[in-house]
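> Take this structure first; my questions come after.
The values are calculated or read from the model by the stated rules, or taken from the named source; none is laboratory data. Predicted, not measured: the structure shown is a model, and the values here were computed from it. Cβ placement follows ideal geometry from the backbone for every residue including glycine, while neighbour counts extend to all protein chains displayed. SASA here: full protein model, heavy atoms, side chains in, ligands and nucleic acids out. Shrake-Rupley method; radii C 1.70, N 1.55, O 1.52, S 1.80 Å.
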Amino acid sequence: MSYQQEYQTSIEQPERFWQQQADKIHWFRKPRTLLQKDDHGIDRWFVDGELNTAYLALDQHVLAGRGDDIALIYDSPVTGNKKQYSFSELTEAVALFAGVLLNQGVEKGDRVIIYMPMVPEAAIAMLACARIGAVHSVVFGGFAAHELAVRIDDAEPKVVVSASCGIEIDRVIPYKPILDEAISLAQAKPSGCVILQREQHPCELTAGRDVDWQQALAAAQPADCVAVRATDPLYVLYTSGTTGKPKGVVRDNGGHAVAMHYSMELVYDMHPGDVFWAASDVGWVVGHSYIVYAPLIRGCTTVFYEGKPVRTPDAGAFWRVCEEYKVKGIFAAPTAFRAIRKEDPQCQLARQYDLSALKTVFMAGERLDPPTYDWVDQHIQRPIVDHWWQTETGWAIAGNHMGLEPATPKAGSVTRPSPGYHVQILDSRGQLAAAGEQGSIAIKLPLPPGCLPTIWRNHERFEAGYLNTYPGYYVTGDGGMLDEDGYLFVLGRTDDIINVAGHRLSTGEMEEVVAGHDAVAECAVIGQSSDLKGEEPLGLVLLKDGVDIDEEQLKQELVQRVRDNIGAVASFKNAVVVQRLPKTRSGKILRKVLRNIANNEEYSTPSTIDDPACLQEIEQALKEKGVS
Ligand code: COA
Ligand code: AMP
């Protein structure tokens, strides 16, 4: 079928279209009602269907005679370990860990927080939750105790699954102290923790609360898959919003399974037995969708990589993994390729490996800048697919659909909307923008299966943040345009979210932490362009009257505060003291113009500004400090 036909059908007859996709997965009870509004008036897919996501990812392949095929390849240059799990082995491991969770008193609908490094046990824990209908919430290992505590309080998990440590290149990061501190900070105390001891840094267990992973397995019986409703939540994944409090994106079971299966073929052209490698982390949505669920549901082999693109041990790591496991599709953030380019500008190391199995390079998570595109194109000589999506949608809103009808790419464009996503550009009045005109990228409702139906225990935030701005539309938070050929260009966030090394972070959250310093009266944190990480945060700080503090010392203290409160992953490394911050007459900080100044971009003085002279002062201060 052509892209045009497939897209048209998905928009004009969504129920018929998605029924056909739903028919391709195994249901315990097939859905008869395809689309129905819930009590909040939100469109829900496959409402009377019943299924089990872990069954789709594992058991069904074993039952189909593929038990000996490889499901998951663990490759860990940071520990020197490699291990492969067949579908049978992974199914057994998941069933047994599901038994551990049952022994811990976890029931259908209970939440389980998973705070783990990139070890296969993280995927085992996720799939074990899915098996018994528990709701997992994976927290990225780079987040500090406070961030973990916030998530514990919001999700109220019965159990936390963690490991004794993570490894960052050659540095051991002990997880247990972070976990202990988070639990002591949190109001909602989990009743138990299951801890995976790693030989690089075993930890002491807390008596009465913690159990050792291996010992817990020895005491457990394998548990069966339970049937859950399509609309039951599979997981909650916290992501940055514009305020300090992260939002829990809810993913349901039915829509997600259908979307994962469909997108694996549509976008990535992956078929049972193919090897797919998403070089991300299970703590991000890419890890949920394309390290764990989609490849396994589609019967592919997934690569689970505990390492970095560089320094583990060198900038040839990506190519080594592609050769060793005959990777057909690799998916990473552009930052990863920028890091490789920095260390191996001529891409010499790639020539040492046989990349003949590699068909396509997929990138997402941040804007794909033309120099990075050109470099990968020149040296790897494979189709490069830039696709655009977000935690909320769980799969590509737009991309070049390798499994359908690849289009000729256009520089700077994420190509075309995916079937199911009625993408439109709206101007500030909510009117349709003309072709080539910039505006807010919105999706006309209903959203396709797999997208979030709500924010965990905060439906108002879902409506206020995404649905109320333009009734009948989901607002993505990104600005952009559609050209005359229907190609989509994503031009950046319209809110205060920044993208640092493909990690989505809230400047509002960093501002709260910086403003909490005793010397700070007020601050603005903005994203500044970075050759490696795309963007990096920069703090502009106004001191309290009468405070006398060395600026370098203040900077160090602020950097440490952000590390302690949010985590190293925020990459907050720079802060500058300014005399004033530009504001509107009603007192709102003009962050956009600050961004322009810090990035040496042209700007026009906003008409709402209280005192235009302030802008020159800031320009001067940043220049003097060598920041812009
Ligand atoms: N646990 C603990 N700490 C972590 C961590 C984890 N899982 N992940 C990152 N960190 C720490 C890093 O060690 C670093 O600490 P430091 O400031 O003490 O050096 C800090 O968080 C920033 O990490 P990062 O942004 O990853 O920078 P880096 O300099 O270590 O590495 C890249 C740069 C480009 C190699 C790396 O960012 C990368 O591989 N990016 C790929 C992007 C990606 O996977 N995106 C996911 C969405 S698709
Ligand atoms: P996350 O929810 O962490 O996946 O981050 C989603 C945000 O990252 C999007 O809203 C975009 O701002 C940005 N993003 C993701 N993919 C792309 C892309 N291919 N091009 C430009 N921006 C992207």
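> So how do Arg298, Arg457 rank on accessible area, 1.4 Å probe, biggest first, that is with the largest at the start?
These residues rank, largest area first, as Arg457, Arg298.
> Ok, one more. With Cβ to Cβ distances under 10 Å as the rule, what net charge do the other residues near Asp154 carry (K, R +1; D, E -1)?
Net of charged neighbours comes to +3.
> Just flag the trypsin sites (Lys or Arg not before Pro) in the range 474-566 sitting in loop per DSSP whose Cβ has no more than 14 other Cβ atoms within 10 Å. Don't skip to the answer; put the middle values down first.
On the way: sites: Arg493, Arg504, Lys533, Lys544, Lys555, Arg561, Arg563; in loops: Lys533, Lys544.
Those that pass, being in a loop and sparsely packed, are Lys544.
> For Gln187, what charge total do you get from the other residues with a beta carbon under 13 Å from its beta carbon, if Lys and Arg give +1 and Asp and Glu give -1? Show your work: numbers first, answer last.
Values: positive: Arg151, Lys189; negative: Asp153, Asp154, Glu156.
After counting each charged neighbour, the total is -1.
> May I pose another question? Placing one identical point scatterer on every Cα of the range 298-348 and ignoring solvent, what is log10 I(q)/I(0) from the Debye formula at q = 0.12, 0.22, 0.30, 0.32 Å⁻¹?
Treating every Cα as an identical point scatterer, log10 I(q)/I(0) equals -0.27, -0.84, -1.34, -1.42.
> Here is a follow-up. Going by accessible area, probe 1.4 Å, with all protein chains left in place, what is the ranking of Glu535, Glu92, largest first?
So, going from the largest accessible area down, we get Glu92, Glu535.
> Now for a separate question. Rank these by accessible area, largest first, 1.4 Å probe: Asp69, Asp485, Asp427.
Asp485, Asp69, Asp427
> Using +1 on the beta carbon of Lys and Arg, -1 on that of Asp and Glu, and nothing else charged, what's the dipole of the range 479-547 about the Cα centre, debye to 20?
Rounded to the nearest 20 debye, it is 180 debye.
> Under 14 Å from the Cβ of Thr605, count the other residues' Cβ atoms, weight Lys and Arg +1, Asp and Glu -1, and hand me the total. It would help to have the intermediate numbers written out before the result.
On the way: positive: Lys583, Arg585, Lys592; negative: Glu601, Glu602, Asp610, Asp611, Glu617, Glu619.
In short, -3.
> Let me ask something additional. In the full protein assembly as shown, how much of Tyr373 is accessible to a 1.4 Å probe, in Å² to the nearest 10?
70 Å²
> Might you tell me the accessible area per residue for the chain, computed with a 1.4 Å probe and given in Å²?
I get 39 Å² per residue for this part.
> Rounded to the nearest 500, what is the chain's calculated 222 nm mean residue ellipticity when only DSSP H runs of at least 4 contribute -39500 (n - 2.57) each, over all residues?
My calculation for the chain gives -8000 deg cm²/dmol from helical runs alone.
> Give a residue-ordered list of calculated ³J(HN,Hα) values for the range 275-289 (Karplus: 6.51 cos²θ - 1.76 cosθ + 1.60, θ = phi - 60°; whole Hz; x for Gly, Pro).
9, 10, 10, 9, 8, 10, 9, 4, x, 10, 5, 4, x, 4, 6
> Relative to the compact-globule scaling 2.2 N^0.38 Å, provide the ratio for the alpha-carbon radius of gyration of the range 497-624. Don't skip to the answer; put the middle values down first.
Values: Rg = 14.1 Å, N = 128, 2.2 N^0.38 = 13.9 Å.
So the range 497-624 has a normalised radius of gyration of 1.01.
> Given the options Gln556, Ile526, Leu505, identify the residue whose Cα lies farthest towards the positive end of the charge dipole of the range 497-624 (+1 on Cβ of Lys, Arg; -1 on Cβ of Asp, Glu).
Selected residue: Leu505.
> Roughly speaking, what % of Cα-Cα pairs in the chain are separated by over 49 Å, rounded to a whole number?
That tail contains 9 percent of the Cα-Cα pairs.
> Where nothing but the Cβ of Lys and Arg (+1) and of Asp and Glu (-1) is charged, how large is the charge dipole of the range 497-624 around its Cα centre, in debye to the nearest 20?
Taking the Cα centre of the range 497-624 as origin, the dipole is about 480 debye.
> With a cut-off of 20 Å, note down the residues of the range 202-246 whose backbone N falls inside the zone around a label point 7 Å from the Cα of Leu185 toward its beta carbon.
Once the point is set 7 Å along Cα→Cβ of Leu185, 206, 237-246 turn out to lie under 20 Å by backbone N, inside the range 202-246.
> On the full set of protein chains, 1.4 Å probe, figure out the accessible area of Lys342 and give it in Å² to the nearest 10.
Roughly 150 Å² of Lys342 is accessible to a 1.4 Å probe.
> At 1.4 Å probe size, what's the solvent-accessible area of Ser440? Round to the nearest 10 Å².
20 Å²
> Still on this model: GluC sites (Glu not before Pro), restricted to the range 112-220: which are DSSP loop and have at most 16 other Cβ atoms within 10 Å?
Glu199, Glu204
> Now for a different question. Which percent of the accessible area of the chain is formed by carbon and sulfur heavy atoms (probe 1.4 angstrom)?
So the carbon and sulfur contribution to the accessible surface is 46 percent.
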